[in-house]
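Structure, as structure tokens:
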């Protein structure tokens, strides 16, 4: 095995062409994933985290979507250069997906067995009977009781948590090197979420795969991540080791996200304002319009480049970490936007 | 109306939905969405109603406001039973109790300006003067942090958080005493949730409102509620002051629920108690304590001594045998998939027994020999397709109070109430078990 | 009470016991105007049917003699109706054929429908200009639909205004088979090829009737059939659909079962059967299409209303104390209106085509200038005078096409499901 | 699957009930209308100088109309269900045998039209939905609107004008178009003759159903009637495909590495569920009018022509028979549709309704 990361995303840009203009859903982001590790992409809705995860194997709808720029190096090969035919050999085989809504992810008119067998037989040259036996084994491994019976059931006969187990079984059918899980527990109850998170952890130990886990829930991130990528409005704000992110968050956005988690009583603080337009994003740092520390320079030019924050591997895109600025200012109380100013802006939503 | 009566008191409220079949709708069963819940809310107090999806908390909300007719029970508002109200009295009550919904988008008529929507309750309750309505709506919009100039804009011109503010303005418009908020923040991004919750508690303080706050998110409940009631499958299993319930949960379900919240500290991983299985169907709720089919602390019968996790597995097995939910052909196929055997005829009894054991995570032998003999006998019978006999012998040997008797709501040592046999003084429980935590 | 409203009024200041004494009935000027207009129409209708003799026309005095004969030869299509004084010469009263407006039952119906449309579509659009502008922005994106709308408005105006100024097409033995302007052909009965002239821009048919006039008079028939049948069908469909959705239970079951039965009965055969039994007058055809063409609309409205019933704003309104009637009138009907309007726009072309087909087959009233009849009349002369069959067909085709494009664009632009995305 | 059998049984019973209701309604309509035969009898009598009233009475007696209403209704129902549908004076034939003679002429173009309607309609709908933002989508949409809007009787006339009139003496790019000329009127002799001709040593049968001549004269009818049908099907297929084209399960299928054929199959299989519920209705509404118009224009001696002529000639027994057949075909079609729906959608609960769930 080489020392290269399993997946290296460099300056990825994904756009959607709509009637109202070009939506820059992902606007130049970079991160990497090592073998066997779990990387969490965290951000609010509209931050571009799902689009990022779907751009890796290009399963976004094209058109209207388009990968405008960037490289996605997977095990030494650039996926963006590949033809769809070549990419198909990787999808489901070496890179598998699990989506947010298990209800929608399964075709309602086919039995779950048929759908998993299809996944196996796309990539492996095995007989139907062999594929069926493998499927029963997979269903059993993801904790579906009586796998031999349930294989012939239709998706509607499963509960939400069980459906998500089926989807995970399907994703694991070819023992992928990388599993991309896009909010796989958001639609589930907390008790079921705990089951699924534990299952994913166990399966990772068993299969040794890497996981990209997309979520908006920092609790889930703390539970499973090795490294974290914090996204906002199509840009990476901060990335680094999970302990650094939680214990020494560097970017004002990350700090704000940690402060707005529920369960902290009066300590809890909302982030004022709302997400900027992705068609015509503001100059400078994308977070500047909502940032309590923003200064004049924050609203100029492009998003600041990633700078190292104290520790190697912990990087942040904020001008306070550039030369001539004092990042300790970020620890002091909020200034800049006054409460009344931020209250009702919000802008047009869609 | 008495002054000391709580603002809202719900007593043994039930809402059942009939399951109908055929053109003439003969009833073949009923979904017990809410099955006897009781609680009360004082003026200026927030009650948090928490539970997993499908536990009946939303139905409880609509039923206590008589948006749906309750099947049984009383709802006292200011000491007067609203289930007895006629149409005229009900309309007066509607002015005093308002509701806020989860989805800020669908709670506004897309063809009405938000001014019209906020003024709608005013119109309904007889304010015919448009200028007066406009003045009130402008004032309200400003009070919830919007601008009075927004009055002629349409819902699609606002973000989710803004719409939820406007929904609050609409609820306030007729100066109510009680607000029932059904997951008002769960459709919003975390970053703006806090704002809406803050606004709700500010308004509550300002106007002395009673608030019933429904949520599946324990964190949110912890932030906003004074008292909390935990629901499971149509029943309240634990209720008390929020801090107390969160700090020393008395019901195993509450414990599991609190433990399931992922900790924000990455150094405290994997502490969650895992609840097995899914919530059972409210159409056919389990006997005894409704939580016993998933409870990690289900009480062991007298005279046996084995690990709690093995006991839990045996209980799961017993449930499936009783309901005949074990499919022998499926298990046979599973054995084929797992072993070298290819012909279903060649699958041996022992292989079948082993497969069932591993399916239910039952150890190869139970630590208690007596229990082991009952179990292996039952397994034999199941493999021979003698479910009734197996079920009978299991029921006889592994009887637990959790499966037979419904626990009462009792005051626990922690000071608040819970309904669990572990707190039921009449039930014999071994000393260490009463405060048993999970076994791993 | 209503005067001198305090601008600082807040919700806490309201004395609800005092407020509740005020009447709830909404008496907007628009509502009153609608009542007045409808009263006028119905009054006139009663006057026409009961006071006036059946024989006499509704509006006398507008005497338009058709000025035929030698003096105006060559004017062809361009000859207009002109009022002319009646006079007496040598004790003999000179009477020419004059046409007056004897308002037919179809036209009475049309007036009611147009008034209804004006008050329930045009006026609300004017009152909610913000929303109208939003719809228009959405609608404008579809260029084909905008063109269709313009085409239909022009057609509508010509179809209704044209017959007021133009005398009906006349049979002429001397002007049979004239080709359209710019076309040279040798129609049957002619020894040499002849060219069309400006007098008859679209030529004449085998009976010498001006094609352009036939087209214009046919437009009127098509529009009448389309609008009226649609109104009846949409009216019944909306009523049945909302009732079924709102009442639920046995009422829903019975209504929807009836809809099932009606959609099983092949409408075309039923129409033929009823026309066979009762004759094929225009009003009957309109009524038949209206009364047997609403099942689809009822189904759509019902499912839409059922969906709307689940929306939180309905619950919010209920929780605020609104009555069922309030909810249906203020929320359900306005929010299903996009479905209703779309269904209406798509029902019109279906009915127009249906009527044309019936008259093509010869089952309709031969007195009516229907395009289908003209097309059928030209079938025998395809080789010599192909314009007789093809010209009205083009108009029919484009009218139906325009309605289809319009309906499709309306579905996209005023569908609230799209607004929420 | 006993639930399904019960479901199908129930739908069948419902179909029989509907048949009974429609027959009753038809009977009532006929009862309420002036009887043509009665009028004829009276007229005849008057012309021959006999007593018109007596003639009417004789006629009534002959036709059994003097009996009380419930008896007439009963015998009508018995006759209808025992296929004793009376005698057509116009064709001088038993109504049933008239229909038996004629149905093949209708079926021979309806069957290929149905296939064409579905294949082209669904194919084009699927294609245009999967290429939503492409130019080809706009073209396909326009074709659909064209098919939806063109009056089929006029379209038939225009096609006749082109293929029969203009092609007869048109030379295009040096090619004599008369070889593409198609017959205007259907010749049923083609079916009945059994002559053979020899071209270049190959013996060709000229008579019979499956011959070049017959296909040639059916070409225009098939094109006209399919155009009307496929357009509607294409619009529905496109709408439902679009609904599912970006569904999560389609994304999942693509994420599995499925090729476009497999992905399309996933979409189509799900879209077929709602499509199956409207297909029969679509076909029926097109064909009911279409057969009459097409057979009228092209003189095809099928059931459509019988329908047309029976109405023109006021041949009551035939009209009644045609109505029953129409209803029967519709009911049978809807029954097939229900069964297809059960097979296509595993989620169906066989019509059992559950009261509002919490």
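The values are calculated or read from the model by the stated rules, or taken from the named source; none is laboratory data. Bear in mind the structure is a predicted one, so any value in this text is a computation, not a measurement. Backbone-built Cβ (ideal geometry, glycine too); neighbour counts: all protein chains shown.
Tabulated results
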quantity	calculated
Filter pass, residue D:305 being farther than 24 Å from residue D:124 by Cβ, more than 9 Å from every other protein chain (Cβ to nearest Cβ) and part of a helix (DSSP H, G or I)	yes
Residue in segment B:184-203 that is away from chain A (no Cβ under 13 Å), within 27 Å of residue C:12 (Cα to Cα) and modelled with pLDDT of 90 or more present	no
Output for segment D:308-330, where each listed residue is more than 29 Å from residue D:17 (Cα to Cα) and more than 8 Å from chain C (Cβ to nearest Cβ)	D:309, D:313
Positions within segment A:51-79 being part of a loop (DSSP other than H, G, I, E, B), touching a residue at least 12 places away in the same chain (Cβ under 8 Å) and under 18 Å from the mean Cα position of the chain (by Cα), in sequence order	A:57, A:58, A:59, A:60
Meets criteria (under 20 Å from residue C:210 (Cβ atoms) and in a helix (DSSP H, G or I)) for residue C:400	no
Subset of segment A:97-119 that is under 18 Å from residue A:54 (Cβ atoms) and more than 7 Å from every other protein chain (Cβ to nearest Cβ) - its residue that is surrounded by the fewest Cβ atoms within 10 Å (Cβ to Cβ)	A:100
Top-ranked residue of segment B:416-440 - restricted to ones that are assigned to a loop (DSSP other than H, G, I, E, B) and either more than 29 Å from the chain's Cα centre (by Cα) or at pLDDT 80 or above (or both), ranked as nearest to residue B:311 (Cα to Cα)	B:430
Criterion: under 25 Å from the mean Cα position of the chain (by Cα) and at pLDDT 80 or above - qualifying residue of C:250, C:261, C:283	C:283
Selected residue (criterion: surrounded by the most Cβ atoms within 10 Å (Cβ to Cβ)) from residues of segment C:177-197 that are without any contact (Cβ under 8 Å) to a residue 60 or more places away in the chain and part of a loop (DSSP other than H, G, I, E, B)	C:178
Search result, residues across segment A:302-350 that are modelled with pLDDT under 75 and assigned to a strand (DSSP E or B)	none
Residue in segment A:20-38 that is farther than 30 Å from residue D:343 by Cα, at pLDDT below 90, more than 20 Å from the chain's Cα centre (by Cα) and more than 14 Å from chain D (Cβ to nearest Cβ) present	yes
Wholly within segment B:37-136, strands (runs of 3 or more DSSP E) carrying at least 2 residues that are in contact with a helix residue (DSSP H, G or I) (Cβ under 7 Å, 6 or more places away or on another chain), crowded, with 22+ Cβ neighbours inside 10 Å and within 14 Å of chain C (Cβ to nearest Cβ)	B:97-100
Test result for residue C:315, under 24 Å from residue B:89 (Cβ atoms), within 12 Å of chain B (Cβ to nearest Cβ) and touching a strand residue (DSSP E or B) at 6+ places or on another chain (Cβ under 9 Å)	yes
Residue within segment A:265-288 that is surrounded by 19 or more Cβ atoms within 10 Å (Cβ to Cβ), away from every other protein chain (no Cβ under 13 Å) and part of a helix (DSSP H, G or I) present	yes
Unique residue being modelled with pLDDT of 90 or more and either under 28 Å from residue D:158 (Cβ atoms) or surrounded by 21 or more Cβ atoms within 10 Å (Cβ to Cβ) (or both) when the list is D:326, D:304	D:304
Subset tally (residues that are out of contact with any helix residue (DSSP H, G or I) (no Cβ under 7 Å at 6 or more places or on another chain) and assigned to a loop (DSSP other than H, G, I, E, B)) for segment A:103-118	2
Residue within segment B:243-252 that is over 21 Å from residue A:151 (Cα atoms), within 11 Å of chain A (Cβ to nearest Cβ), touching a helix residue (DSSP H, G or I) at 6+ places or on another chain (Cβ under 8 Å) and crowded, with 16+ Cβ neighbours inside 10 Å present	yes
Flag for residue D:350 being modelled with pLDDT of 85 or more and either within 14 Å of chain B (Cβ to nearest Cβ) or surrounded by 17 or more Cβ atoms within 10 Å (Cβ to Cβ) (or both)	no
